[in-house]
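Just below is one structure, and these are the notes that go with it.
Read the figures in this text as sums done on the coordinates, not as results from a lab. Worth saying up front: this structure is predicted, and the values here are computed from it rather than measured. Methodologically, a virtual Cβ is constructed for each residue, glycine included, from the backbone with ideal geometry; neighbour enumeration extends over all protein chains shown.
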Amino acid sequence: MAVTGWLESLRAAEKTALLQDGRRKVHYLFPDGKEMAEEYDEKTSELLVRKWRVKSALGALGQWQIEVGEPALPGAGSLGPELIKESNANPIFIRKDTKMSFQWRIRNLPYPKDVYSVCVDQKERCVVIRTTNKKYYKKFSIPDLDRYQLPLDDSSLSFAHANCTLIISYQKPKEVLVAESELQKELKKLKTAHGSDGDCKTQ
């Protein structure tokens, strides 16, 4: 029922779509004023970017918060707080999904695979990463499962380590795969504008 509820809220949202640079960009405006922007690979329909924006109590638009995809690089030559950035040696956490799995990559983690422990915390509904050398600890939720109100399953979780990057995969439940397939059918029915560099974008 919850799966249907989230799918229905996506169907009910005001949507605009744009084809640009090989990507299908979709902007959602929900009745509560929240905005969601997604970008899909035009050929494979794979999700490349998902970000959210909410209005403040005073009605001002906030910054886009990225859920899936890499953060945009700050504009070259711009001055301001973005020039104060973390060291390139610090771990970098990003989410990059595949068709069948939710996937996260944590760069700059040089320790061997047997140092890491990755498990589900059912009580807090999150994934927890620990290292036996106590050099890294992180916990994070899976917003998709929260929106669909689906349980987290330890058996769906796996991880690999290569090139100083920890790759964590969570196999998408069949309910999510079906809902994503239904959504793609809806998105393909949308009247889509064709854009080029310089045209209005969803961000």
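Here are a few things to note about the model shown:
- Temperature 10 °C, viscosity 1.306 mPa s: under these conditions the Stokes-Einstein estimate for segment 140-190, based on its Kirkwood radius over C-alpha pairs, is 123 µm² per second.
- Net length gained if the chain between Ile94 and Lys34 were fully extended (0.36 nm per residue, minus Cα distance): 19.4 nm
- Cα-Cα pairs of segment 108-194 separated by more than 23 Å (percent): 40 percent
- Take the Cα of Thr44, step 7 Å toward its Cβ, do the same at Val128, and the gap between the two points is 3.4 nm.
- Gain upon complete extension [Leu61, Leu150; 0.36 nm per residue less C-alpha separation]: 29.0 nm
- The aspartates and glutamates whose alpha-carbon is closer than 19 Å to the alpha-carbon of Lys34, local same-chain residues fewer than 8 away aside, are Glu8, Glu14, Glu67, Asp144, Asp146.
- Net charge contributed by nearby residues that have their C-beta within less than 9 Å of Val54 (K/R +1, D/E -1): +1
- Neighbours of Tyr137 by Cβ distance under 13 Å: Lys/Arg scored +1, Asp/Glu scored -1, total +4.
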